[in-house]
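Trainee: Dumping the structure here so I can ask a few things about it.
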Amino acid sequence: MDEVEEGHAPFIPADESPVELTIGAIVVGVVLGVLFAASSVYLALKVSLTVSASIPIAVLSITIFKWAQKAMGASGPQILRNNIVQTTGSAGESIAAGIAFTLPALLLLGYELPYWNVAAVGLVGGLLGVLLMIPLRQSLIVKEHKELRYPEGTACAEVLIVGETAGTQARTVFGGFGLGVLYKFLNGGAHLWAEVPSKIFQRIVPATGKPELFGQISAEVSPELAGVGYIIGPKIAGYLFAGGMLSYFVLIPVIKLFGSALAEPLFAAKKISDMTPGEVRGAYVFYIGAGAVTTAGLISLVRALPTIVSALSRGFAGFRGATPQDDDETPRTARDLPMTIVLGGVIVCVLAMMLLPQIRINAVGALLALFFAFLFVTVSSRVAGQIGASANPISGMTVATVLLTALLFYAAGWTKPEHRALALSIGGVVCVAAAVAAATSQDLKTGYLVGATPARQQIGLFAGVTTSALVIGGIITFLNEAKTTIVVRDYPAVTIAAASIDATTRMGADGKAYRVGHLYEPTGDAPAGRYLVDDAGKIRYLVDPGIGGRERVGADGREVDKLDSPKSQIMALVVDGILTQKLPWGLILIGAFLTVAMEILGLSSLPIAVGVYLPISTSATMFMGGCVRWLVDRKNGSSGSEDEASADSGPGVLFSSGLIAGGAITGVLLTAVAVKGWDGVFNLQKVMGSVGESALVGILCFAAFIALPLYRVGTKKG
């Protein structure tokens with residue numbers, strides 16, 4: 001097979017075979033992959049966004065192996081070994097996105113989310129994403145080398161080549177990581193200043209003497225959110241913040257203004273006049289935002305229809321053209337894993353979906369998952385080649401998967417609670433496969449440019465996918481349990497049937513043991529969810545999940561910072577709305593037509609819609625990070641038209657990657673400390689008094705510790 005396109009010369013020629021796939025490279029890749037996977041899953045659960053970890057992992061690998069080479073007195077090119085590290089490590093970020101966007105939706109429908117369920121879906125979806133990309137590599141990476149740029153993969157290749165020829169220091173990444181850890185500890189652990197500075201704008205109505213809300217602004221001043229804002233840039237960060245402004249300064253005040261006159265509740269248990277801004281958001285704007293995001297995702301998918309048709313035709317051609325290879329005759333840079341492994345692996349994945357109780361997919365569902373996985377793996381890879389993995393509409397593809405699956409189930413009369421879980425499990429496998437395919441494509445592009453052996457990259461990807469899925473399953477389970485609150489609830493008219501009550505028990509806030517009951521759909525006044533019930537099945541407490549839950553203060557007075565996981569909430573709304581027909585469709589349609597109006601105005605609707613859905617405290621901090629990026633670009637004399645590879649690997653981006661990893665991982669560790677009850681040891685909130693509660697002090701500390709250093713690093717020359 002003639003792999004090398006005319007005019008393409010990889011950095012390492014095919015007739016050379018420097019050190020590449022080693023145990024050390026796999027181990028370093030796995031360790032770095034787990035590190036960035038932990039930060040990615042925290043970020044995905046918090047704001048439903050992830051950023052590429054390939055470049056910081058490549059930079060760290062270059063430094064590690066240069067140090068090892070110098071210490072052992074060895075010599076020779078290290079670029080292919082560094083590429084294996086980067087390839088192995090990049091798998092975690094994509095699995096984190098795929099899982100966090102889908103599986104937490106099960107919690108909102110009354111199900112548990114145990115470790116093995118998360119790990120199994122992540123592993124099967126991740127393996128499918130890698131396996132299905134193997135026969136597509138020749139078509140997408142090689143034959144369309146000039147048409148599909150794969151920007152992150154090209155940028156990473158540039159970093160590896162520069163590191164091989166001129167040296168690249170990881171000092172910038174480590175600096176950002178250290179600062180992120182320090183800031184997060186002082187702010188989120190010691191509580192030296194406000195974590196979420198906020199200001200509510202209101203006036204006293206003379207006629208009633210009651211306050212009238214007309215807006216609220218707040219910012220969760222964290223290093224990881226600032227780093228994300230810097231990396232995605234001022235335009236996208238501005239769109240996200242504009243959505244937050246629309247939510248908190250238009251929708252919530254309008255609902256309060258016109259709804260306060262209503263004598264009865266509308267869509268919620270409380271009257272609008274008695275609601276706080278947060279309660280209005282949860283009861284009304286939440287559904288408007290869900291309708292906006294879902295519509296924006298579907299519009300982005302419809303726009304990609306020509307690409308989808310083209311990708312599918314080329315994808316089938318790629319499968320037909322993927323022939324067995326003779327390692328003695330095939331150039332090193334053209335060797336993929338054989339098709340026997342691809343077909344055997346796909347069959348094993350399908351059987352795993354059918355046979356593993358942790359995934360809960362029947363034969364029909366497994367075939368649907370395989371069909372959608374192939375469809376969106378092909379589409380995801382091609383779209384990533386055009387616009388990059390970060391801008392790839394994975395969530396839109398997943399919404400389409402869940403939507404079409406739910407419609408098929410509804411037509412077949414499959415509307416029971418287990419069918420909702422089945423649809424979400426299918427969506428989880430497909431979302432992970434599509435996300436992994438996008439990252440795999442970028443890695444294979446990097447390898448094509450530097451002269452790597454594809455089969456060895458694919459082995460590294462299997463190692464990265466497996467370890468990341470196992471670790472991410474544990475992190476998600478831990479974060480959910482750690483941030484779960486037990487809230488007093490009393491629904492006298494609701495009794496949970498014995499068949500929906502677990503044999504195991506859980507402690508209530510009163511110190512007594514209760515059994516856990518499940519409501520898989522709203523019953524009376526009680527929404528779907530998990531509850532602690534007495535021997536008669538009567539509800540005593542709500543088990544509000546740490547991921548996607550809304551009750552931040554438990555019956556024991558403990559306050560936790562919930563992880564909103566916006567996209568998984570949308571998945572739950574889609575599948576539950578179609579199969580139960582109980583959604584507030586009026587609010588959903590308001591959001592849908594807001595998106596249509598934005599598209600007619602020529603605006604990018606998806607980030608604005610996500611901004612409507614996110615808390616403004618989240619989007620405000622990302623916007624501040626985007627503003628720093630804008631100032632850096634102006635100082636450096638660039639306007640966004642500079643070479644993308646240089647922009648994606650600049651010191652500001654590397655420093656931001658460190659901020660994200662340091663802040664997110666420290667957030668996970670602080671959660672563990674709080675669970676053990678050790679957080680009071682270093683909590684200085686009482687010592688700081690009113691200074692620690694000041695919004696102005698919080699903003700100034702963020703500017704001094706995060707924004708200013710980020711600006712200085714971004715504008716540093718040389």
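The values are calculated or read from the model by the stated rules, or taken from the named source; none is laboratory data. Bear in mind the structure is a predicted one, so any value in this text is a computation, not a measurement. When we count neighbours, we look across all protein chains shown, and the Cβ atoms used for this are built from the backbone with ideal geometry, even at glycine.
Trainee: K66: within 22 Å of A384 (Cα to Cα) and either in contact (Cβ under 8 Å) with a residue 40 or more places away in the chain or buried (at least 24 other Cβ atoms within 10 Å of the Cβ) (or both), yes or no?
Mentor: no
Trainee: Can P104 be described as in the same structural domain as R335 (by TED's automatic domain parsing) and surrounded by 24 or more Cβ atoms within 10 Å (Cβ to Cβ)? Spell out how you get there, then give the answer.
Mentor: Values: in the same structural domain as R335 (by TED's automatic domain parsing): yes; surrounded by 24 or more Cβ atoms within 10 Å (Cβ to Cβ): yes.
Yes: the conditions hold for P104.
Trainee: Condition first: crowded, with 24+ Cβ neighbours inside 10 Å and either at pLDDT below 85 or under 18 Å from the mean Cα position of the chain (by Cα) (or both). Now tell me which residues in segment 362-392 satisfy that. Write out each step before concluding.
Mentor: Narrowing segment 362-392 to residues crowded, with 24+ Cβ neighbours inside 10 Å: 369, 372-373, 376-385, 389, 392.
Those that are crowded, with 24+ Cβ neighbours inside 10 Å and either at pLDDT below 85 or under 18 Å from the mean Cα position of the chain (by Cα) (or both): F376, V377, T378, V379, S380, S381, R382, V383, A384, G385, A389, N392.
Trainee: I've got another one for you. If I ask for residues that are among the charged types (D, E, K, R) and part of a helix (DSSP H, G or I), which ones from segment 329-387 would you list?
Mentor: R332, R382
Trainee: Identify all residues within segment 577-607 that are outside any helix (DSSP H, G or I) and among the aliphatic types (A, V, I, L, M); write none if there are none.
Mentor: Scanning segment 577-607 gives L583, L601, L603.
Trainee: Let me spell it out: the conditions are (1) at pLDDT 85 or above; (2) outside the structural domain of M622 (by TED's automatic domain parsing); (3) of a type outside the set (F, W, Y), and V221 meets all of them except one. Which number is the exception?
Mentor: (2)
This table checks each residue for (1) under 23 Å from the mean Cα position of the chain (by Cα); (2) not assigned by TED's automatic domain parsing to the domain that holds F376.
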| site | (1), (2) |
| --- | --- |
| L80 | no, no |
| T87 | yes, no |
| V118 | yes, no |
| I134 | no, no |
| R137 | no, no |
| E144 | no, no |
| G175 | no, yes |
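Trainee: While we're looking at this one, here's another question. Inside segment 676-718, can you point out the residues that are free of Cβ contacts under 8 Å to residues at least 60 places away in the same chain and within 26 Å of A620 (Cβ to Cβ)? Steps first, answer last, please.
Mentor: Initial filter on segment 676-718 (free of Cβ contacts under 8 Å to residues at least 60 places away in the same chain): 676-678, 680-681, 686-687, 689-690, 700, 703-704, 708, 712, 717-718.
Passing the criteria: G689, S690, L700, A703, A704, L708, R712.
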